[in-house]
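The values are calculated or read from the model by the stated rules, or taken from the named source; none is laboratory data. Source: prediction; values computed, not measured. Cβ placement follows ideal geometry from the backbone for every residue including glycine, while neighbour counts extend to all protein chains displayed. Ligands, DNA and RNA are excluded from the accessible area calculation, which covers all protein heavy atoms including side chains. Shrake-Rupley method; radii C 1.70, N 1.55, O 1.52, S 1.80 Å.
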Amino acid sequence: MSTVKHYPRSTFRLLSEDELKLVWQWRNKASIRANMHHDALISWEQHQAWFKQLNTTGVVFFVMWQNKRPIGALYFQPHSDTGLEWGCYLGETDVWPGSGLLLEIAALDYATAQSHCKTLHAEVLSFNHSVLKLHLLFGYREIDIIPSASKRNDAHYQVHHFCYATADWQSNRATILAKLPKQIANAATFIEFIN
């Protein structure tokens, strides 16, 4: 008897009012706030105001659905005339192993599919070691390290700035996916964006 492996379907949908309260809860989780530039709790009123102004700032905010269940967020904002900057987080913990890698792949795939986007940018706080390693594994180029004016846990930290040329991702995608566990590469075939 053959065993059929099932990989999650990762669908990215634009944030709607239906998910607004859930995303607010995610944004206020200590584990998520710890790796953000601003780690203060967000009031419901602040969150609603943020949602109302999303369209005017050029931010594109997706909720990641895995097998019809919302589990995280992936968002983009203009970085320059030809670039985007992105960020993400998993709001749920009981998710398919490798979901963080799928977010990384999805970000590069989305940016590459945007005709105006030539570069994808990311900022990572220096104590977020797992994401720093992940960006380097995927082939991001570190372009700058800037000391932060803020402190975390009474310690100074830096902000690492990364850049990825979307043309390079088109060339490197298959090679990078081949370095990852096979189930990640297989699951990457089930990534889709719904605008």
Next on the checklist: Just to verify a result, which residue in segment 29-45, among those that are in contact with a Phe, Trp or Tyr (Cβ under 9 Å, 6 or more places away or on another chain) and not small (Gly, Ala, Ser), is nearest to TYR89 (Cα to Cα)?
Outcome noted: ILE32
Checklist outcome for this item: Of the candidates PHE76, PHE127, the one satisfying the condition of being open to solvent by 40 Å² or more (accessible area, probe 1.4 Å), in contact (Cβ under 8 Å) with a residue 12 or more places away in the chain and closer than 23 Å to TRP26 by Cα is PHE127
Item to check | VAL59 without any contact (Cβ under 8 Å) to a residue 24 or more places away in the chain, of a type in the set (A, V, I, L, M, F, W, C) and either under 25 Å from GLN183 (Cβ atoms) or open to solvent by 20 Å² or more (accessible area, probe 1.4 Å) (or both) | outcome: yes
Checklist entry - Can you name every residue in segment 143-180 that is open to solvent by less than 30 Å² (accessible area, probe 1.4 Å) and either out of contact with any strand residue (DSSP E or B) (no Cβ under 8 Å at 6 or more places or on another chain) or part of a helix (DSSP H, G or I) (or both)? => result THR166, TRP169, ILE176, LEU177, LEU180
Checklist entry - So which residues in segment 1-43 are open to solvent by less than 70 Å² (accessible area, probe 1.4 Å), among the acidic types (Asp, Glu) and at pLDDT 90 or above? => result GLU19
